[in-house]
Amino acid sequence: MANPTFLDQLSATLLQHYGNNLNDVTIILPNKRARIFLIEALKRHLDATVFAPEIISIEDFIQEVAGIRSIDTIELLFEFYTIYTELTPKEKQQPFETFANWAKTLLQDFNEIDRYLLPPEHVFSYLKDIEDIKHWSLDLDSQTDMIKNYLEFWALLPKYYTTLYNHLKEKGTGHQGLIYKEAVANINHFSEAFQKKQLIFAGFNALNAAEEKIIQHLMASGQGSVYWDIDRTFLNDPYHDAGLFIRKFKRNWKQFNTHAFNWVSDAFSEPKNIQIIGTPKTVGQAKIAGEIVERIQQSGQSLDKTALVLGEENMLVPMLYSLPNTVGALNITMGYSSRNNPAQILVQKLFKMHTNALNRSQTSYTLYYREVLDVLNHPLVAPYLGASKLVDTINKNNITFFSLNKLFEIQGGHSKLFELLFNRWDVNTGNVLQRLSDTLVLLKSFLGNDNEQDKIAKAFLYSIFKVINKLINYYEQHPQMSNLAILQSVYKQVVDLAEVSFEGEPLSGLQLMGVLESRVLDFDNVIITSMNEGKFPAGKTQNSFIPYDVKRELNLPTYKEKDAIYSYHFYHLLMRAKNIYLLYNTESEGLDAGERSRFLTQLEIEKKPNHNLTSVIYNANLPKKAYEPMVVPKSGAVQQRLKEIATGKGFSPSALTGYIRNPMQFYYQRVLRIYEADEVEESIALNTLGTIIHGALEELYKPYIGVFLTLEHIAAMTTITNEVVMQQFVAEYKEGEIKKGRNLLAFEVAKRNVHNLLKQEKQALQADDTVKVIALEETYERWLEDDRLPYAVKIAGNIDRIEQRNNKIRIIDYKTGKVDKYNLVLKTWEGLTTEVKNEKIIQLLTYVFMYQPHASGMAIEAGIISFKNMKSGFMPFSFKEGSTTMDEVDDNLLEAYKTQLIVLINQILNAEVPFEEVITT
């Protein structure tokens, strides 16, 4: 075989040494995943049926040697808390949620101490002495209670360690470090009892002290042999991190004086095409990786020998969406943390909704609409709940807070899922956990087995289901989880330890994996993403109570060794690959930014003669214009719809000004009849406030339509203003909260605006104005007939108020926002219907056009009352020509406006003039 993979080479060697007696050997690999690939490699080399050898991972082997099973990380945390509460004085005990913050780190340190076979008493004594010196323990008088408690904690560490160690050992379980330490203690007994011919350790790189001791012992007794997977380039270079560990083993292990050092490869120096590709952002990398996969397929290659390695796990979801549809089989083998797990997010939302409901009121169980909508619209829930009517009702009626009874009443016929999600949570946390478990099981039952998305959703659900069920098991043993607040805190702590495991067909299709999952495996095509410092390698992160200098002194691994492990994995991926694509983020700012990885620079500097290495930057294709305005031609159907509006409902003043503002908005709302979806207004919007004020004024003035107003009328209106405004609030804002917060301020603003208008009305009457209200919020319509139009067009709309004041007709438009007098002055007809600044003038003149036939020849003026500019009072439209200003709209003025109106309507109806979007900057 020209360039055999490591597993092919191992298979050939096994058959050469053991022939058909493969079941006489046990092969230990760095991980479980490599087992199936080794079996496949053995099958390729065999021409007869034989018993397969035993193939296990190093962790399973160490457990076998120690005779102790591995404990789950969540279970370990609870076991440690039990020990902590036994050893810590009651008055100094921390609640579980606080304890878990530092306990997870301490357990990692316990693990490291045991895996590297360090005497714990020495380590903890050393750490305590350091803390003593830091806090000037010699000066006992200056120690505060906090410092004393802190030092007492360090003094207790040996007790925590020893008691936990013995407790776990008695139960026959242990964390990884404990198992390794016990395996070392038990290796002689294991060695004597071992029946098979040979133990073969294959494909290892970094080993902890316990692993080194066990393997060396087995090699010395003739029961073990090791096959490394290292390239000469890395092994012979004393400064190359990829060979750091294996160089040390070759140099220090005396067993290699009598055993051959296998194997050293020259594969890395063979011809390779290496592309270093920089592109902005995570999504950019995902898109390019998808394109590379597509190119590999189009070149006729099978994806079976292609690995897509994600340098960071949060690339998984964008990556799945970026893969071409032609990718058939896909095998995802990587850990995915719970942070972005949709099932975990759903459980968090349920906790938030129910605990807040309990906290608001122990009796009425009040729900908050945002929290309810978060659950109703969750992607794992929404397709199976049938709650669209409920969502619409909440939005339309502005329901901000509501009871459970109200929720179930609106939903009507509710399913088992609806009841599991929304039924009141019990104060009994065991019942809550069971409800969550039942919810996850029910959601899983809705998912199929054929769809790839459903398979991934099942993996998400299962990982959280395991966490919830563990909490159910611990609930009986741990009375600390007695209320929802503590349960929620515990859940937050333990769910961080729950990784999602995906299942797939490992031998066919594209291999989508994390860095660690690539161990021992070789691929022809390798795509690696996130080649940035801090991602690949991970950088100088230190989550430990043991300081860096102490770790160096005690030979514990530091970030230096962590970088060397990353280096080995990176170069091992490249070793036998033919086509390599290395992607990194070019952005220097932002959450996922960072400079490009040192590994890329190292590749460029240490370039091999046979390596064809290119480096490119891919930027998104930027069009000459950032955004091309939408243009919609007026098809026959559109023209028909326009005629239907023009001769039916008619064009309103707001429709006409809307067209001037943005023809595309006119097209959406008037032609297509698409309006914004209803949403809950938690704070009253300006347009809603305007509607409330309009409604209140209509109610107040309605009893006095057709009569001349008196001061007594105004006094009567003033008396009931507050009540009427409140009624309008309730009618318009429906079930929204109006008695506190911003809405209370809005209510006060509405009252003040109405009172101010009545105050001005009173002053006008006192100044001998005669006022008779003719109409309020009434719709008027008038046909515009002219030879210049293709057909007669109806102009129709609602006018806020029409009155007879001092023998003139006055048309009034109320505006909640601010309007100044200069907004209503027209100096020239030219460009009237093309500029947005004229919209208020167009609105007022259109009102005059609609009302003119009803004016009985009386003079007409039209203007605006702006509630944010009440001091200006009624501001009339005026036409200014030279030094002459005209406030009344006479027939000549209206005829001139009619010409402008015809121009505007012709533009709307003209089939040759498309609807074109106006881009506002």
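The values are calculated or read from the model by the stated rules, or taken from the named source; none is laboratory data. All values derive from a computational prediction rather than experimental measurement. No Cβ is skipped: glycine too gets one built from the backbone with ideal geometry, and neighbour counts run over all protein chains shown.
Being under 51 Å from the mean Cα position of the chain (by Cα) and either under 16 Å from residue 564 (Cα atoms) or not aliphatic (A, V, I, L, M) (or both) narrows it down to one of 204, 256, so name that one. Reasoning before the result, please.
On the way: 256 fails: under 51 Å from the mean Cα position of the chain (by Cα).
Testing whether each residue is under 51 Å from the mean Cα position of the chain (by Cα) and either under 16 Å from residue 564 (Cα atoms) or not aliphatic (A, V, I, L, M) (or both) leaves just 204.
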If you go through segment 573-584 one residue at a time, do you hit one that is surrounded by fewer than 22 Cβ atoms within 10 Å (Cβ to Cβ), at positive phi and not in a strand (DSSP E or B)?
no
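Outside the structural domain of residue 304 (by TED's automatic domain parsing), touching a helix residue (DSSP H, G or I) at 6+ places or on another chain (Cβ under 6 Å) and closer than 29 Å to residue 114 by Cβ, is that true of residue 498?
Details: outside the structural domain of residue 304 (by TED's automatic domain parsing): yes; touching a helix residue (DSSP H, G or I) at 6+ places or on another chain (Cβ under 6 Å): yes; closer than 29 Å to residue 114 by Cβ: yes.
For residue 498, the condition - outside the structural domain of residue 304 (by TED's automatic domain parsing), touching a helix residue (DSSP H, G or I) at 6+ places or on another chain (Cβ under 6 Å) and closer than 29 Å to residue 114 by Cβ - is met.
Residue-wise test of (1) within 30 Å of residue 403 (Cβ to Cβ); (2) assigned to a loop (DSSP other than H, G, I, E, B).
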residue	(1), (2)
300	no, yes
304	no, no
318	no, no
346	yes, no
352	yes, no
Just for helices (runs of 4 or more DSSP H) wholly inside segment 1-88: which have at least 3 residues that are out of contact with any strand residue (DSSP E or B) (no Cβ under 9 Å at 6 or more places or on another chain)?
6-18, 34-45, 73-87
Restricted to segment 520-566 and to residues being free of Cβ contacts under 8 Å to residues at least 60 places away in the same chain and of a type in the set (Val, Ile, Thr), the residue surrounded by the most Cβ atoms within 10 Å (Cβ to Cβ) is 558
Does residue 536 satisfy the criteria of being in a loop (DSSP other than H, G, I, E, B) and within 35 Å of the chain's Cα centre (by Cα)?
yes
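Could you say which residue among 841, 809 is without any contact (Cβ under 8 Å) to a residue 40 or more places away in the chain and surrounded by 18 or more Cβ atoms within 10 Å (Cβ to Cβ)?
Just one listed residue meets the conditions, 841.
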Any pair with Cβ under 8 angstrom, 6 or more apart, that starts in segment 260-271 at a residue that is hydrophobic (A, V, I, L, M, F, W, C) and ends at one that is in a loop (DSSP other than H, G, I, E, B) and surrounded by 16 or more Cβ atoms within 10 Å (Cβ to Cβ)
267/576
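Could you please let me know if residue 526 is at pLDDT 90 or above and either in a helix (DSSP H, G or I) or under 30 Å from residue 577 (Cα atoms) (or both)? Can you show your working first?
Working: at pLDDT 90 or above: yes; either in a helix (DSSP H, G or I) or under 30 Å from residue 577 (Cα atoms) (or both): yes.
Spelling it out, residue 526 is indeed at pLDDT 90 or above and either in a helix (DSSP H, G or I) or under 30 Å from residue 577 (Cα atoms) (or both).
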Are there any pairs with C-beta distances below 9 angstrom linking a residue in segment 22-35 that is polar (S, T, N, Q) to a residue that is part of a strand (DSSP E or B), with the two at least 6 apart or on different chains, and if so which?
23/54; 26/54; 26/55; 26/56; 26/198; 26/199; 26/200; 31/57
If residue 95 satisfies all but one of (1) over 30 Å from residue 190 (Cβ atoms); (2) surrounded by 16 or more Cβ atoms within 10 Å (Cβ to Cβ), what's the number of the condition it fails?
(2)
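Against the definition (crowded, with 18+ Cβ neighbours inside 10 Å, basic (Lys, Arg) and not assigned by TED's automatic domain parsing to the domain that holds residue 578), how does residue 670 come out, yes or no?
Numbers: crowded, with 18+ Cβ neighbours inside 10 Å: yes; basic (Lys, Arg): yes; not assigned by TED's automatic domain parsing to the domain that holds residue 578: yes.
Here the answer is yes, as residue 670 does meet what is asked.
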Number of the exception - residue 730 against (1) in a helix (DSSP H, G or I); (2) under 22 Å from residue 842 (Cβ atoms)
(2)
Quick one: in segment 319-341, which of the residues that are surrounded by fewer than 17 Cβ atoms within 10 Å (Cβ to Cβ), more than 18 Å from residue 530 (Cα to Cα) and not polar (S, T, N, Q) is modelled with the highest pLDDT?
324
Based on what the data block shows, is residue 46 modelled with pLDDT of 90 or more and farther than 30 Å from residue 499 by Cβ?
no
Check on residue 165, within 28 Å of residue 492 (Cβ to Cβ) and modelled with pLDDT under 90
no
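Does segment 213-230 contain at least one residue that is within 23 Å of residue 27 (Cβ to Cβ), without any contact (Cβ under 8 Å) to a residue 24 or more places away in the chain and of a type in the set (Gly, Ala, Ser)? Before you say what the answer is, go through the steps one by one.
Just the residues of segment 213-230 that are within 23 Å of residue 27 (Cβ to Cβ), to begin with: 213-230.
Keeping just the survivors that are without any contact (Cβ under 8 Å) to a residue 24 or more places away in the chain gives 215, 222.
Those still in the list that are of a type in the set (Gly, Ala, Ser) too: 222.
There is at least one residue in segment 213-230 that is within 23 Å of residue 27 (Cβ to Cβ), without any contact (Cβ under 8 Å) to a residue 24 or more places away in the chain and of a type in the set (Gly, Ala, Ser).
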Can you pull out every residue in segment 261-295 that is over 27 Å from the mean Cα position of the chain (by Cα) and part of a strand (DSSP E or B)?
262, 263, 264, 265, 272, 273, 274, 275, 276
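Take the residues in segment 36-60 that are touching a residue at least 24 places away in the same chain (Cβ under 8 Å) and charged (D, E, K, R); name whichever of them is surrounded by the fewest Cβ atoms within 10 Å (Cβ to Cβ). Working first, answer last.
Within segment 36-60, the subset touching a residue at least 24 places away in the same chain (Cβ under 8 Å) is 36-38, 40-42, 44-46, 48, 50-60.
Going one step further and asking which of them are charged (D, E, K, R), we end up with 40, 44, 54, 59-60.
Working: 40: 14, 44: 11, 54: 16, 59: 16, 60: 13.
My answer is 44.
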Lone unmet requirement of (1) over 28 Å from the mean Cα position of the chain (by Cα); (2) modelled with pLDDT of 85 or more for residue 414:
(2)
Cβ pairs under 6 Å, 6+ apart, first in segment 743-757 and assigned by TED's automatic domain parsing to the domain that holds residue 696, second in a helix (DSSP H, G or I) and surrounded by fewer than 18 Cβ atoms within 10 Å (Cβ to Cβ):
751/722; 756/870
Enumerate the helices (runs of 4 or more DSSP H) found wholly within segment 205-257, keeping only those where 3 or more residues are buried (at least 20 other Cβ atoms within 10 Å of the Cβ).
209-220, 244-252
Name the pairs whose Cβ atoms lie under 6 Å apart, with the first residue in segment 863-891 and touching a residue at least 12 places away in the same chain (Cβ under 8 Å), the second hydroxyl-bearing (Ser, Thr, Tyr) and surrounded by fewer than 14 Cβ atoms within 10 Å (Cβ to Cβ), and 6 or more positions between them or separate chains?
878/885
Look through segment 630-661, keep the residues that are among the polar types (S, T, N, Q) and touching a helix residue (DSSP H, G or I) at 6+ places or on another chain (Cβ under 9 Å), and return whichever of them is nearest to residue 833 (Cα to Cα).
657
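Please find, within segment 758-796, the residue that is nearest to residue 689 (Cα to Cα) out of those that are among the basic types (Lys, Arg) and either without any contact (Cβ under 8 Å) to a residue 60 or more places away in the chain or touching a Gly at 6+ places or on another chain (Cβ under 8 Å) (or both). Walk me through it before giving the result.
Here is the first cut: in segment 758-796, the ones among the basic types (Lys, Arg) are 759, 762, 772, 782, 788, 794.
Okay, now just the ones that are also either without any contact (Cβ under 8 Å) to a residue 60 or more places away in the chain or touching a Gly at 6+ places or on another chain (Cβ under 8 Å) (or both), so 759, 762, 772, 794.
On the way: 759: 20, 762: 24, 772: 26, 794: 30 Å.
Here the answer is 759.
Yes/no matrix, rows are residues, columns are (1) more than 22 Å from residue 400 (Cβ to Cβ); (2) at pLDDT 90 or above; (3) among the aromatic types (Phe, Trp, Tyr):
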| residue | (1), (2), (3) |
| --- | --- |
| 654 | yes, yes, no |
| 660 | yes, yes, no |
| 674 | yes, no, no |
| 698 | yes, yes, no |
| 704 | yes, yes, yes |
| 708 | yes, yes, yes |
| 724 | yes, yes, no |
| 728 | no, no, no |
In segment 272-296, which residues are free of Cβ contacts under 8 Å to residues at least 40 places away in the same chain and either in contact with a Ser or Thr (Cβ under 9 Å, 6 or more places away or on another chain) or of a type in the set (Asp, Glu) (or both)?
283, 287, 290, 291, 294
